[in-house]
Each structure stands twice: as structure tokens, then as C-alpha cells.
Amino acid sequence: MTDMAPQNDATNAPSGGCSSGSCGSSDDAMAHLPQSVRDRVNNHPCYSEEAHHFYARMHVAVAPACNIQCHYCNRKYDCANESRPGVVSELLTPEQATKKVLAVAANVPQMSVVGIAGPGDPLANPERTLSTFRAIYEQAPDIKLCVSTNGLALPDVVDDLAELNIDHVTITINCVDPKIGAQIYPWIYWDNKRIRGEEAAKILIERQQLGLEMLVERDVLVKVNSVMIPGVNDKHLEEVSKIVKSKGAFLHNVMPLIAEEEHGTFYGVMGQRSPSKAELQELQDSCSGDMNMMRHCRQCRADAVGLLGEDRGHEFTMDKVEEMDIDYKQAMEFRAEVHQSIEEQRTAMKKVATVSLDAIAGVKTEEKKATRPILMAVATEGQGVINQHFGHATEFLVYEASSDGVRFVGPRKVDQYCIGSSECDEGESKLERNIRTLEGCEAVLCAKIGLEPWGQLEDAGIEPNGEHAYEPIEEAIAAVYLEMVEAGKADIQSDKIIQQATA
Amino acid sequence: MSYSITDLCVNCHACFDVCPNDAIYKASTQFMINKKTCTECEGDHDDAQCASICPIEGAILTPAGEPANPAGSLTGIPPLRLAEVMAEIQAR
């Protein structure tokens, strides 16, 4: 992906994306990647934090069978981990899935990616999965294809995947030690037998590692997912991270275990706890030192449709899809136009680099104090002015103000849904979601704001500001920044700077 | 004699894909085994394939009518523990 404009160096300002740990630093993660990989994930909403604001993806549920048992899964329901939480999905035949993909791709031109993630293991259903990919590849070659797997059947189909131009594969690798594996996987189906214990785990691990190596050899991008299970593999995942990176995986996504008694899983029933947010963050941090980590994963359902955090699946049920009359060729041309204009928009947003304070607020360069950069969010419906009610915002534009001027950082979408039972309390309100979205920002500028959100924003350390309603964004931000400078709120706290200033 | 599938079947297709005799078919609400074509995998495999891949305890019955995968044998959850948790959840 192309990078957002770099943050001012040596500051502790949060990175461009949300920095809450549930959403986030993948732009940083991407910065370490070779340009060739970044170009390939540029419009992939699951891999690029920035792209997920512009492009849509969909999953099709064509793969019901599985060839292993995980202790966090109950086959009576969809898998609660590995990107397919809790909701039983509509199983589609390959023909239905292809029709649905083509219908969505014609109606949601932002669509760039189709994935098969379940509800079982896609590669344990090779005919259903591969024939779906083949049909989409033939009829909509502009759509990127991706698949996730436990890895057991992976080496057998690596060549098929490469041939169908599938350039993103996610392997769930929870361990590289069979002793640990035996505590996660009670059995596998292998070589026409059910095999248990360490013997089973050893085979699975070998197949996962072999599959990873074979994909990398064929230049297929590999992401590794790991489920963090406290007391089982939490201490072990740093080693997993090192190994998969050394073999060429381009991203590692550590997800928290989801285990509730009601799910009827081994871990749920036996009282295995999930990691706390802090534990997850700590592990992600300790892995990120030597691995590109992905933190904006939303653990989507296996049949999700639309932009991340949004599900338009109800618009594309099979009965509706059957009735649609679509010109596929025209749809593809339209998609190309839309994608091009998205790319132009993204380039333009980056070019609106820094608007200097001089230009905006008439501050002369020599009057500038050494101050730190501050992130501010804006609620706007467009036209470059602050013209939206705080409560109506479904996304905020984030700007960075510093002594160098005002710079657009990027949009942040407010999640339409809670992001998972272990990530938030049930019934998180829209206000709470707004505030979570604004983490790292120190002010929010909007046309109007209610009393309740006002108080809660202040409690969260974010200054609400309705004084610049209907004013141009950059000028308003510059004005607020200068007020903050005046009030000493933007002073640099570092001892070093103070010494310099007094010297 | 033949293996058979009970109404605990979750329609995951796994057995359907691995049966060497194509003896498994989709019925209206679940998969079923054709008694005439099931060979218990004799001559093809050491173990009955449907019983070896099925993820649901009690869903496949042996020719003798016994669960091929009794309670606790696949999930590792001791049946007593499961009963306790179920009772506790139902009492909420």
C-alpha cells in the first residue's frame, strides 16, 4: 500500500489509524514491507488500515466440512474464532456463490476482494472452494481472491491456488510444538484415519509449515492468524511469530480466544479464560518487534458483505440475487472506473500535505513556539467545512496540527457494530463507539454537540468544540491549535527540549 | 450391514465427501446413508470413513446401532462436566 504522509518524527503522537489496539497500527506494519507487497495489498481492506475506509470485501460460505477439531470450535455453530464468529451462515453452492459475488461486485463497485473462510475449512472442501474461485476468476478477473485455512490440506492445493491467481492465503497457526498443539487440537482426519494427541498435532504443524513454505516459493502472500489462549500458547506465540516471519509470512494477526460456556466448546465448558485486552496488547507488542502485526482485524462473519464494520448481506440474499439482471462486462468496467477514482482521491488526500499556519492564521514563522503535534477530529458532510452534528457522524476526518501547520491524516469510520465479545462490553452505545474511534485525538470539531457527549468526551480527554461550525476545516483546526498553544496545552514536556529552550 | 446417521447431523458434508462408495446422500433435513451401498468401508479402508471424520458425537451409529463416537470422545469434554454446565446455564 502507499503510505500515509509520515508522522513527525520523534513524537509520541498516535499513528494515523485508530490506536486502540483493536484497530490500528497496520500502516506502521506495512511500512516495513517491500514496496511490491505494499502495492499488492494497497486495495485490500483486511490488510491495509487505510484501504478499509475505501474498499469493500465479501466472504462466501461454500465450505462446510472440516478436517480437524479445535478446542475453541463447536461444529454445531460457525467457528467463533478464525474470522468467523458466532452466526450460522447461509451455505451456498459454488454456482450460487459465484452469482452472489457477481451481483455484489456489480452493485457495490468498491468491492475489491472475495474471500472463502468457512464455515468449515475451505481447503477441506477443495472441489467446492476451488470451483467457486475458478468461476469468479473467469468472470471477474479484477477481483482479488483470498482464502483462510488450518493448513492441513494446504500442500495438496498450493498449485491450484497459485494457478487461480489467489495471492492472499491466511493460515491459522497456533503453535509449532506438538506438546502445545495436543492441548489445542484433540484430533485431525488424516490419511483416512482419525488421529489424536501429539501425533495429530505434529502432522498438522508439519503440514502448516510446509504449506507456508510452498506458498512463499510461489509468491503467494501469506498472513498467519494465531488465537491467543492464556496458559496454553500465550508464551509460545512469540516463537511462532519469529518462525513464520523467517519463512516469509508478511503479516501476523494475534487474536484473542473467544470462549463462553454457552458456545459449548471445550474451552468454553472447561472454563478456559480469554486474554484481557492488556494481555493481548502486550503479546501483540512483544511480537511486533520482529513481525508485522495486524491490529485492525474485525473478525468478520463468514458471510460478511461490504466495507469493514458494515454488513450489507441482507441486500444480497439468494432470492434477491436470482432476480438481478446484470451485465458483467459493464459492471467490471464500472468497477475499474470507481477504483481509479478512489485511487485518485487517496492520492489527492495525501497531496493536501501540510497547510502552513502562516497561510492559514497569519502566524509568522519566527513567532512559532516549539510545540508538539496534536491530533484533532472533524465531523463533516463534505465541502471542506465543519458542518455535521457530532451524533450524526459515521466517520471522522483526523488532522494533525503542529508548528508546521495542519495536515490531513485520514478518515476514521465509526464501527457500526461492537467488535466482538472479548473486545467490548455488550451493548456498547453509539456514543461509546464514537469515543473509541476518536482515541488519540485531543479535540473534536463539529457543527453541534449534545450535553451528554460533551461531558463524556471531556472525561475521555477529548475537547469538544462547536465554536467553528460551518468554517473551513484547516482554518478552524489552526485556530484551535493556536488556542491550545496559548493555553500551554501543546508544550513539549521533554526535559531535553526545556534545557534547549533555557540554554 | 450399514452405518447410519442420526438427527444430530449438522449437515457439514464431511462424510459425504469421503465415503468411498458414494453411499451418503442429502435427505430433506440431513445426510443419510444408503444401506444397500454402504460396505462399512471394507476393502477400502481400515476405519469407516464417515465415523472417522464426523465432528459430532452420537451422529454416526455403527451397524450394531452404537454411537461410533460416544459422548466426550471427540470434544474431550467429560460428559459429567458438560451436564453440569448445561444445568447451570439452564438454571440462569
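The residue among A:THR172, A:LEU145, A:VAL216 whose Cα reaches farthest toward the positive pole of the charge dipole of the range A:69-224, with charges on the beta-carbon of Lys, Arg, Asp and Glu, is A:THR172.
Can you tell me, using C-alpha contacts under 8 Å and at least 6 residues apart, the relative contact order of chain B as a whole percent?
Numbers: 132 pairs, mean separation 25.9, N = 92.
For chain B, the relative contact order is 28 percent.
Once you reduce the range A:384-417 and the range B:13-33 to the center of their Cα atoms, the two points are 54 Å from each other. Here the calculated FRET efficiency for A:GLU381 and A:GLU322, from their Cβ-Cβ distance with R0 = 41 Å, stands at 0.65, rounded to the nearest 0.05. When you count the other C-beta atoms within 10 angstrom of each residue and take the mean per peptide, A:59-67, B:84-92, A:403-411 line up highest first as A:59-67, A:403-411, B:84-92. With the highest mean first, a sort of the peptides B:15-23, A:206-214, B:31-39 on other beta-carbon atoms found within 10 angstrom per residue produces A:206-214, B:15-23, B:31-39. The mean sequence separation of alpha-carbon pairs under 8 Å and at least six residues apart, normalised by the residue count of the range B:43-90, gives a relative contact order of 23 percent.
Quick one: compute the contact order of the range B:14-62, relative version, from alpha carbon pairs under 8 angstrom and 6+ residues apart, as a percent. In percent, rounded to a whole number, it is 36.
Debye-formula intensities of chain B, expressed as log10 I(q)/I(0) at q = 0.18, 0.20 Å⁻¹, are -0.78, -0.91 (one equal scatterer per alpha-carbon, no solvent). The distance separating the Cα centre of the range A:157-193 from that of the range A:217-252 comes to 12 Å.
In chain B, the DSSP-assigned H stretches of four residues or longer account for a calculated mean residue ellipticity at 222 nm of -6000 deg cm²/dmol, using -39500 (n - 2.57) per stretch and the full residue count as denominator.
Pairs over the 32 Å Cα-Cα cut-off, from the set A:LYS144/A:LYS413; A:LYS100/A:LYS202; A:LYS202/A:LYS223; A:LYS76/B:LYS35: A:LYS100/A:LYS202. Each residue, B:ALA87 and B:TYR25, gets one label point 7 Å from its Cα in the Cβ direction; the gap between the two is 4.4 nm.
As an exercise, use a Förster radius of 60 Å and the Cβ-Cβ distance of A:TYR470 and A:GLU262 to find the FRET efficiency, rounded to the nearest 0.05. Mind dumping the intermediate values first?
Working: r = 50 Å, r/R0 = 0.83.
Working from the Cβ atoms, E equals 0.75.
No lab work stands behind these numbers, since they all come straight from the coordinates. Because the structure is a prediction, the values reported are computed rather than measured. Cβ atoms come from the backbone with ideal geometry, glycine included; neighbour counts cover every protein chain shown.
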